[in-house]
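Chemist: This is the structure, below, for whatever I ask next.
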Amino acid sequence: MNVKTFLENNKPSKYIITDRVRTPIPEDTLKYLDLSTINVNRSETKNETLYIYTDFIADSC
């Protein structure tokens with residue numbers, strides 16, 4: 001399942017999307033990503049926040 005579909009189905013109020021090494025992806029980066037191309041590996045709830053662990057790998061220079 002991709003991130004876009006996951007968010008549409010679950011509609012969480014607070015969530016954090018992380019990359020493959022579980023580092024949160026900043027909001028300014030998320031707005032440029034196509035969430036339908038990023039797959040969800042797993043998710044869990046901690047302190048009323050949904051953590052979405054993805055297979056995203058950030059490009060580096």
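Chemist: Residues of the stretch 24-52 being more than 17 Å from Phe6 (Cβ to Cβ), in a loop (DSSP other than H, G, I, E, B) and touching a residue at least 12 places away in the same chain (Cβ under 8 Å), which ones?
Modeler: Correct list: Glu48 only.
Chemist: Filter the stretch 12-21 down to the residues that are in a loop (DSSP other than H, G, I, E, B) and touching a strand residue (DSSP E or B) at 6+ places or on another chain (Cβ under 6 Å) and list them by number. Let's see the steps before the verdict.
Modeler: Filtering the stretch 12-21 for residues in a loop (DSSP other than H, G, I, E, B) gives 12-14, 19-21.
Pro12, Lys14 - these are the residues of the stretch 12-21 that are in a loop (DSSP other than H, G, I, E, B) and touching a strand residue (DSSP E or B) at 6+ places or on another chain (Cβ under 6 Å).
Chemist: Still on this model: Residues in the stretch 1-26 that are touching a Ser or Thr at 6+ places or on another chain (Cβ under 6 Å), more than 15 Å from Thr49 (Cα to Cα) and either modelled with pLDDT under 95 or charged (D, E, K, R) (or both): how many?
Modeler: 1
Chemist: Here is a follow-up. Determine, yes or no, whether Tyr32 is surrounded by fewer than 10 Cβ atoms within 10 Å (Cβ to Cβ) and out of contact with any Cys (no Cβ under 7 Å at 6 or more places or on another chain). Please lay out each step first, then the result.
Modeler: Details: surrounded by fewer than 10 Cβ atoms within 10 Å (Cβ to Cβ): yes; out of contact with any Cys (no Cβ under 7 Å at 6 or more places or on another chain): yes.
Yes.
The values are calculated or read from the model by the stated rules, or taken from the named source; none is laboratory data. Since this is a predicted model, take the numbers as computed values, not measurements. Every residue, glycine among them, receives a Cβ derived from its backbone with ideal geometry; neighbour counts consider all protein chains shown.
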